[in-house]
Amino acid sequence: MNGNLMVRVKEKQYGPISSTELRTMVRKGKFSPNDYVWNDSQEEWVKAQDIEAVRKLFQTAPLENTERKVIAIASGKGGVGKTVISASLGVGLSALGKEVILVDADFGGANLHTCMGILEPQYTFLDYYTMNRETLEDIVLDSPIDNLKLISGACGTLGMANPKFSQKQRLIGELKNLPADYVIMDLAAGSSFHVIDFFLSVDESIIVTTPEPMAIQESFDFIKLCLLRKLQQTFKNDQEALRLLNIEGDGNLIYFNQPLEDVVGKIKNSHPDIAQKVEQALSEFRPRLILNMVMEPDEIREGMSLKTAAFELLSVDLDYMGYVDYDDNMRQSAKSLRPFLLNNPNSPAARSIAKIITLKLFNQKHISAMMKKWQLRRKVYSQAQQYPTFEEKNNDIICSVKCFYWDECEFQNGGMPCRVRNLQPTMKF
């Protein structure tokens, strides 16, 4: 469907508007099947119900009665494939007919839009935070994939990497009202406070890690910091409770002195109210885990090891969703600007992702899960054939002092291929 539409409601015309804006009008009851859309090729107004692409909006618009789910995906460190997993889950869920919005919440290093083949986003989070666009729904972008949309981050914008608490609260509130079955947030790597706050504020939280010892350790530390933050928020007005729980420090420094289970056991008799609140916080904090880039069967056990450590040392019941096989094509999919699930839909890694979606996100069992996997793989294979392809430009652009951006560019390397513009791909349909 054309991204710039002219529509007519009764005798009043609107436009040009995007398909996302039209979807919003439909959802709010401001545009009906009996209203009109301008057809450029026929040069006439056509009823909305007579245009297939527009008619679909009326079939998917009533999302108010469905259960929306906001999912945050994080990692203790970078380089574990978090963004690839985020994009793949979005592609897989949309292939099963779910309305999905991917949100690039890595404000300091946004790159999810390039994974989806969108080189120059029309709108980004910068438009939202500067009030250039009033709501999150106003910056939702279409993607080349049916049912899958995107909110792009604003990479390299001063101040965006550390949003204020009020900005985070406003963002979370609007995320939960977006017109989608699933909203998937691709968070920044690491354990900054804003990442942890987002991770704790959503319906479902997923940690992505690899079997490497450093990645496992960073994931454990991330879980611990999330729990500390949750307990700190639970007892923010009760310094005595924080003292009893051996949670020390203030501001940006908080830490445990001993296993939480031991501490709670000691205070259960003397302060049952505090112990009860801790148990309630633990029951609410149920993060999930995906083990990525598994090369050997023995490495699969690392996921269970992390689950065991989280339970024994932190009393956190970590839900192990499964593993994804290592695949060299993940790097190639990033270079070709195609979501991995579409770049190699029949690979073991793609099948692993399909299994996680059907068994863990959809909670399907046995035959039902198998049928869902077949449905997903058929749809993904079909989308892969239709997805636009990209290729690098043949002519190198050489870095030079004559470049218009020379004085401001941080990638200056005179005489060598430009590290920025030379990588810009050309789309061919």
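The values are calculated or read from the model by the stated rules, or taken from the named source; none is laboratory data. Treat the numbers as computed from the prediction; the structure is a model and nothing was measured. Note that we place each Cβ from the backbone using ideal geometry, even for glycine, and neighbour counts take in every protein chain shown.
A few notes on this one:
- Matching residues, region 40-55, being in contact with a helix residue (DSSP H, G or I) (Cβ under 6 Å, 6 or more places away or on another chain) and either basic (Lys, Arg) or loosely packed, with under 10 Cβ neighbours inside 10 Å (or both): Arg55
- Residue match in region 213-224 (condition: touching a Pro at 6+ places or on another chain (Cβ under 7 Å), crowded, with 19+ Cβ neighbours inside 10 Å, touching a residue at least 12 places away in the same chain (Cβ under 8 Å) and hydrophobic (A, V, I, L, M, F, W, C)): yes
- Counted as qualifying within region 81-191 are the helices (runs of 4 or more DSSP H) with 1 or more residues that are under 12 Å from the mean Cα position of the chain (by Cα) and crowded, with 21+ Cβ neighbours inside 10 Å, namely 82-95, 112-115, 165-175.
- Test for Asp298: is it among the acidic types (Asp, Glu) and either touching a Lys or Arg at 6+ places or on another chain (Cβ under 7 Å) or not assigned by TED's automatic domain parsing to the domain that holds Gly79 (or both): no
- Inter-residue pairs, beta-carbon under 9 Å, first closer than 15 Å to Gly15 by Cβ and assigned by TED's automatic domain parsing to the domain that holds Gln13 and in region 32-46, second small (Gly, Ala, Ser) and not in a strand (DSSP E or B), 6+ apart: Asp35/Ala48; Tyr36/Ala48; Val37/Ala48
- Scanning region 79-136 for residues that are closer than 18 Å to Ser333 by Cβ and among the hydroxyl-bearing types (Ser, Thr, Tyr) returns Thr83, Ser86, Ser88, Ser94, Thr114.
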